[in-house]
Ligand code: ATP
Ligand code: MG
């Protein structure tokens, strides 16, 4: 299909948004109105119609899943070399690209580590435990505070001078030490992936010029969820040319808790007075009934921008609300329904999605799906990357590229067993701290030998020599082959067998490790849009590939993508931007949706937006489920149906299993509606 044909398929407002390239452009519109479609078509338009080189275009979004979808859609439009060098990624991946090619300017050494939240927590625990014993809650609070600061572009100095109370002052001191230690480890954390590029571009005119030269046009999806740092990244890059398109929906802002600033929609208008605002109103995704439910629900929130959404899809089926005895019955119900509905509708497994508020809700459902032998894919939760064997392998990879990564060192120094005891490690850590160096470096120092028995020193030495030898082999030739050899040489497999309760488990774990290495190999040089972004040399491509893997680990927290035919299980948060013919939304109960914390701190509006996001994922049928009783804190608790159910248009709902007697008038009216619905369906 030519670009002209593609344009012809869009509605006039969409077309206008695609064609407008002379200045900043904001597309503000509700769910399913084709915002993402505008972005993907616009990329093709810029390349094919405006003759812009794809390597000058960067499109960013929030989740890996969304980035992957976007890549796929663009891939279908751009042929051959046309798409070469195009960046379609998450904000964090773009940040990683910038950091990697600006390492020297930023004062980092090659092969830096990316700390995942667990690593960061371990470091914080160390730092905070120095003065007094702290509990996990305190550590979590400080970690969240630091993360918020980073998202708001507040550096340690400012945090210290603006601290409002003792708690903040304490957190600010930890923040300062934490950053200092990260630097010493040659490491960055997740939030740094945005913060460091922003600070660099803000303070270093030469670096800014380099990146402005490299990126000429930016497109941002799900703009309502940008935080301060992310917005500044866009602003810094685009200030001069003023060539960008951002699309968003303030009703779908669901990441305020992670620093997202829906006000950025307003800020954009202030910062870019020439901003062209385009609104879309036709929804192409959902039936009229589903759309009305979404509109009615979200009308309960205050609005900055008024939006109306309409659909030509016809009313479709009513929305079913299924009340179950308890959570197990709820899971059973969803699983068995998918089984029958698939046959009735001659649908595929992938046409079904089950969405829920929290990952824990998936556990029972998984068991039921397994029971019925329904193939499913779970996003989040027990992810591929959170498996122990993968964490081990990742730690080896991290240590190989950055020997200063103490967290990685500690994870695997004794995996497989090398008879290095906790006493030895404690002395090693003390010694390294005194010297201000890494654990790995300390192993080879003369001074250590005076503090440890010879045997312990020898064992540590054997370990570091082993790692160094692998490193040399990697540098000398085929890095992946060297890594595979390392895993065989240390006989990780035997160790897995010793530690698994059954041989099949060990077997599967070993297979996972090989999958990881295969992934690493594939990702080396395979993602031209990223490697071409920086002028990197061949030698660091294994490092680049490893840091990409670590990032994916953090971002994705889910098994490797696969396109096989499976039911999708995911949180409402993770479902943003996606669509499915049949959607089940579980747990419509007070304290679950809206979540108890949100009720307590008064952020029910954000929960309502979350429900709105969930509802608007559905194309043809929507089923809401709830349980009358649910286990919490080891006890069966009575649940109250979610207040959001009362906010949906009563006439569009078809209840099942409701305990209280139904109003007979309503029932009759609904019967009529159903018949009318059927008639309109039949034509
Ligand atoms: P969300 O807010 O959920 O991210 P969105 O606004 O990004 O939604 P899209 O995902 O781009 O919406 O589009 C929703 C659906 O509508 C997709 O299946 C898309 O292919 C289809 N669509 C978009 N525009 C048109 C059009 N002009 N004609 C027909 N179908 C369209
Ligand atoms: Mg979208």
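The values are calculated or read from the model by the stated rules, or taken from the named source; none is laboratory data. Computed from a predicted structure; not experimentally measured. In this analysis, Cβ positions are derived from the backbone assuming ideal geometry, glycine residues included, and neighbour counts consider all displayed protein chains.
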All but one of (1) away from ligand 1 (no atom under 14 Å from the Cβ); (2) crowded, with 22+ Cβ neighbours inside 10 Å; (3) farther than 30 Å from residue 188 by Cα hold for residue 48; which doesn't? (2)
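A quick yes/no check of all residues on (1) within 16 Å of ligand 2 (Cβ to nearest atom); (2) buried (at least 23 other Cβ atoms within 10 Å of the Cβ):
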residue	(1), (2)
578	yes, no
597	no, no
603	no, no
612	yes, yes
621	no, yes
625	no, yes
631	no, no
How about the stretch 76-86: which of its residues are surrounded by fewer than 22 Cβ atoms within 10 Å (Cβ to Cβ) and touching a strand residue (DSSP E or B) at 6+ places or on another chain (Cβ under 9 Å)? 85
Sole miss for residue 533 among (1) at pLDDT below 90; (2) surrounded by 16 or more Cβ atoms within 10 Å (Cβ to Cβ); (3) assigned to a helix (DSSP H, G or I) is condition (3)
Residue 293: passes all of (1) assigned by the TED database to the domain that holds residue 616; (2) within 16 Å of ligand 1 (Cβ to nearest atom); (3) not in a loop (DSSP other than H, G, I, E, B) but (1)
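Out of 100, 141, 125, which single residue is buried (at least 18 other Cβ atoms within 10 Å of the Cβ) and out of contact with any strand residue (DSSP E or B) (no Cβ under 8 Å at 6 or more places or on another chain)?
That would be 100, the only listed residue that is buried (at least 18 other Cβ atoms within 10 Å of the Cβ) and out of contact with any strand residue (DSSP E or B) (no Cβ under 8 Å at 6 or more places or on another chain).
Looking only at the stretch 584-627, count every residue that is in a helix (DSSP H, G or I) and out of contact with any helix residue (DSSP H, G or I) (no Cβ under 6 Å at 6 or more places or on another chain) and tell me the total.
Within the stretch 584-627, the subset in a helix (DSSP H, G or I) is 596-601, 604-615.
Right, trim to out of contact with any helix residue (DSSP H, G or I) (no Cβ under 6 Å at 6 or more places or on another chain) and you get 596-597, 599-601, 605, 608, 610, 614.
Counting residues in the stretch 584-627 that are in a helix (DSSP H, G or I) and out of contact with any helix residue (DSSP H, G or I) (no Cβ under 6 Å at 6 or more places or on another chain) gives 9.
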Of the conditions (1) modelled with pLDDT under 90; (2) more than 27 Å from residue 115 (Cβ to Cβ); (3) touching a helix residue (DSSP H, G or I) at 6+ places or on another chain (Cβ under 9 Å), the single one that residue 544 does not satisfy is (2)
Considering 219, 236, which residue is closer than 29 Å to residue 85 by Cβ and more than 16 Å from ligand 2 (Cβ to nearest atom)? 236
So if I check each of 484, 488, 471, which one is in contact (Cβ under 8 Å) with a residue 60 or more places away in the chain and under 36 Å from the mean Cα position of the chain (by Cα)? 471
Identify all residues within the stretch 641-657 that are part of a loop (DSSP other than H, G, I, E, B) and either under 31 Å from the mean Cα position of the chain (by Cα) or without any contact (Cβ under 8 Å) to a residue 12 or more places away in the chain (or both); write none if there are none. 642, 647, 648
Here is a check on your reading of the model: is residue 41 modelled with pLDDT of 95 or more, within 20 Å of residue 244 (Cα to Cα) and within 14 Å of ligand 1 (Cβ to nearest atom)? yes
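May I ask you to verify whether residue 35 is within 16 Å of ligand 2 (Cβ to nearest atom), out of contact with any helix residue (DSSP H, G or I) (no Cβ under 6 Å at 6 or more places or on another chain) and either touching a residue at least 60 places away in the same chain (Cβ under 8 Å) or not assigned by the TED database to the domain that holds residue 80 (or both)?
For residue 35, the condition - within 16 Å of ligand 2 (Cβ to nearest atom), out of contact with any helix residue (DSSP H, G or I) (no Cβ under 6 Å at 6 or more places or on another chain) and either touching a residue at least 60 places away in the same chain (Cβ under 8 Å) or not assigned by the TED database to the domain that holds residue 80 (or both) - is met.
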Return the total of residues in the stretch 168-178 being touching a residue at least 24 places away in the same chain (Cβ under 8 Å) and surrounded by fewer than 20 Cβ atoms within 10 Å (Cβ to Cβ). 2
Selection count, the stretch 227-250, where residues are away from ligand 1 (no atom under 16 Å from the Cβ) and either part of a strand (DSSP E or B) or more than 26 Å from the chain's Cα centre (by Cα) (or both): 7
Is there a residue in the stretch 206-226 that is assigned to a loop (DSSP other than H, G, I, E, B), more than 16 Å from ligand 1 (Cβ to nearest atom) and over 22 Å from the mean Cα position of the chain (by Cα)? yes
Among the residues of the stretch 245-264, are any more than 16 Å from ligand 2 (Cβ to nearest atom), modelled with pLDDT of 95 or more and buried (at least 21 other Cβ atoms within 10 Å of the Cβ)? no
Per the list (1) within 25 Å of residue 262 (Cβ to Cβ); (2) assigned to a loop (DSSP other than H, G, I, E, B); (3) within 14 Å of ligand 1 (Cβ to nearest atom), residue check on residue 66 breaks on (2)
Where residues in the stretch 276-290 are modelled with pLDDT of 95 or more and assigned to a loop (DSSP other than H, G, I, E, B), which of them is farthest from ligand 2 (Cβ to nearest atom)? 287
Filtering the stretch 20-30 down to residues that are within 14 Å of ligand 1 (Cβ to nearest atom) and modelled with pLDDT of 95 or more yields 26, 27
Being outside any helix (DSSP H, G or I) and closer than 30 Å to residue 61 by Cα is the requirement here; does residue 109 meet it? yes
Qualifying residues in the stretch 433-449 (those that are part of a helix (DSSP H, G or I) and at pLDDT 90 or above) - the one surrounded by the fewest Cβ atoms within 10 Å (Cβ to Cβ): 441
